[in-house]
1. Would you mind telling me the share, in percent, of accessible area of the chain contributed by carbon and sulfur at probe 1.4 angstrom?
2. According to the Cα gyration tensor, what semi-axes, each the square root of 5 times an eigenvalue, does the equivalent ellipsoid of the chain have, listed from largest to smallest in whole Å?
3. Over the chain, average the accessible area per residue using a 1.4 Å probe and give it in Å², no decimals.
Amino acid sequence: MRELIRQGIEPFPQIRRRVDTLKPGEGLIILAPFLPSPLIEKLSSEGFASKVERGTGADWIVYFWRENG
């Protein structure tokens, strides 16, 4: 995500494609230059859990996975 944003490319379509192809037990890690709160809220509404960590400098690392149940 970070590199796409630097290139001026909207990252959500690529993230959406990756999320749609996740198999059970798989997850997704997003590196972003800001806290991607709208993405976290969107995927949360679709049944994904997330964990957020501060990366290096201004970067954020967000882990997404499907909640069981």
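1. That fraction is 53 percent.
2. Working: eigenvalues 82, 40, 20 Å².
After scaling each eigenvalue by five and taking roots: 20, 14, 10 Å.
3. Details: 4680 Å² over 69 residues.
It amounts to 68 Å² per residue over the chain.
The values are calculated or read from the model by the stated rules, or taken from the named source; none is laboratory data. Fair warning: this is a prediction, and the values are worked out from it, not measured in the lab. Just so you know, the surface numbers come from the protein's heavy atoms only, side chains and all, with ligands and any DNA or RNA stripped out. Shrake-Rupley method; radii C 1.70, N 1.55, O 1.52, S 1.80 Å.
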